[in-house]
1. Looking at segment 70-102 only, could you name the residues that are in a loop (DSSP other than H, G, I, E, B) and in contact (Cβ under 8 Å) with a residue 60 or more places away in the chain?
2. Need pairs with beta-carbon distance below 8 Å; first residue within 16 Å of GLY162 (Cβ to Cβ) and within segment 47-59, second β-branched (Val, Ile, Thr) and not in a helix (DSSP H, G or I); sequence gap 6+ or separate chains.
3. What residue, among those in segment 209-224 that are open to solvent by less than 40 Å² (accessible area, probe 1.4 Å) and under 18 Å from the mean Cα position of the chain (by Cα), is nearest to SER278 (Cα to Cα)?
4. Filter segment 243-273 for residues that are part of a helix (DSSP H, G or I), open to solvent by less than 80 Å² (accessible area, probe 1.4 Å) and not aliphatic (A, V, I, L, M) and give the result.
5. May I ask you to verify whether LEU140 is out of contact with any Pro (no Cβ under 6 Å at 6 or more places or on another chain) and surrounded by 15 or more Cβ atoms within 10 Å (Cβ to Cβ)?
6. Which residue pairs have Cβ atoms closer than 9 Å, lie 6 or more positions apart in sequence or on different chains, and pair a first residue in segment 103-127 that is under 20 Å from GLY72 (Cβ atoms) and touching a residue at least 12 places away in the same chain (Cβ under 8 Å) with a second residue that is of a type in the set (Gly, Ala, Ser) and assigned to a helix (DSSP H, G or I)?
7. Sort out which residues of segment 32-69 are assigned to a loop (DSSP other than H, G, I, E, B) and either closer than 16 Å to TYR233 by Cβ or among the small types (Gly, Ala, Ser) (or both), and write them in order of number.
8. Is it true that ASN34 is surrounded by fewer than 15 Cβ atoms within 10 Å (Cβ to Cβ) and in contact with a helix residue (DSSP H, G or I) (Cβ under 8 Å, 6 or more places away or on another chain)?
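The values are calculated or read from the model by the stated rules, or taken from the named source; none is laboratory data. From a predicted model like this one, the values you see are computed outputs, not experimental measurements. With ideal geometry, Cβ positions are generated from the backbone for all residues, glycine too; neighbour counts draw on all protein chains shown. The protein model used for the area step is the full one, side chains on, heavy atoms only, and it has no ligands, DNA or RNA in it. Shrake-Rupley method; radii C 1.70, N 1.55, O 1.52, S 1.80 Å.
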Amino acid sequence: MASQKEIESIYDVFGELLRLSLGEHFDFTCAFYNGDCAKTLEQAQTAKHEYILNSIKFKKGMRVLDIGCGWGPMLQAVKERGGEAVGITLSPDQVKVCKRDGLLAYLKDWKKMEPEEFGKFDGIISVGAFEHFCSPKEHLEGKQNAIYRQFFKLCHDILPKGGRLYLQTSVWGENVPRYEDISLKAPKDSNEYLLALAEKFFPGSWIPFGNEQLIKNSIGFKAVSVNTSTSDYLCTIKEWSRYGHKINFAKIKAIVKLIPRYIIDKNFRYQVEYFRRSVFTTMYKRKVMHLARIVFEKVSSKST
């Protein structure tokens, strides 16, 4: 799993600039659904919140756990609808922003979370965090399935029978290269090179091999809804870029603060190149990655 230091190198380093571009509680995850790009980014994110809450059968008064809560968009959505939301993340910046605005967020690694720590929940959400749950090293050591089973066991232990988990994550598509071939020495426009940049931007992160790997490890759950897309993330990234290119004095100050890091930190320069080369967009266009949205329902009283 990506360490706290690795998570901080993404979300805490770029957090201020991202929030100045997209809002204090913005979603750093796919907004659009079913290829409908006619909505504004704000409309699409609001519709996504409704879709997620409907997927877990949300009702007023429910307790919802958000694993990998980011800067709190789903915590805010649950709170506005009369629920109690608890978020966990490995980013201190994200915890600070959430707490500042009255949201319940904790600096916590889900792998170290005891089932009784926060009590029982009626529903669980994890949006755009699952990508960080297995590292390349753990993948190469053959631990990926065991890590996913551990995640589903935690969710199983804190949900009632019939309780639902909404999981949204990028997964490998049909054109993913072998990990052994991913290299910064590969041709600059190759999938192998671009994924090496992605590994620099998202250190310690390795995603699942399709919906199948998620479903086969979801012991004690059944998948009640499965949706896979490439076009939805492309719509989202296009809108992010439009907002990101708008410049104001606050954003200029945030950029200037990053210049010393750019000069002295080679890895940071790779992260900037990841943005500059629009790696995520290319990986989705080339079907190296897909977006998976799966709704799981707890069906058994015991997990293994």
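1. The first filter runs over segment 70-102 and keeps only residues in a loop (DSSP other than H, G, I, E, B), leaving 70-72, 81-83, 90-91, 101-102.
Answer for segment 70-102, where residues must be in a loop (DSSP other than H, G, I, E, B) and in contact (Cβ under 8 Å) with a residue 60 or more places away in the chain: LEU90, SER91, ASP101.
2. SER55/VAL295; ILE56/VAL64; ILE56/ILE124; ILE56/ILE125; ILE56/VAL295; PHE58/VAL64
3. The extreme case among them is GLY210.
4. Selection gives TYR243, GLY244, LYS251, PRO260, ASN267, PHE268, TYR270, GLN271, GLU273.
5. On the way: out of contact with any Pro (no Cβ under 6 Å at 6 or more places or on another chain): yes; surrounded by 15 or more Cβ atoms within 10 Å (Cβ to Cβ): no.
So LEU140 does not fit the description; no.
6. Correct list of pairs: GLY123/SER55; ILE125/SER55.
7. So the first thing to find is which residues in segment 32-69 are assigned to a loop (DSSP other than H, G, I, E, B), and the list is 32-40, 56-62, 68-69.
Across segment 32-69, the qualifying residues are PHE32, TYR33, ASN34, GLY35, ASP36, CYS37, ALA38, LYS39, GLY61, GLY68.
8. Numbers: surrounded by fewer than 15 Cβ atoms within 10 Å (Cβ to Cβ): yes; in contact with a helix residue (DSSP H, G or I) (Cβ under 8 Å, 6 or more places away or on another chain): yes.
So ASN34 passes the test.
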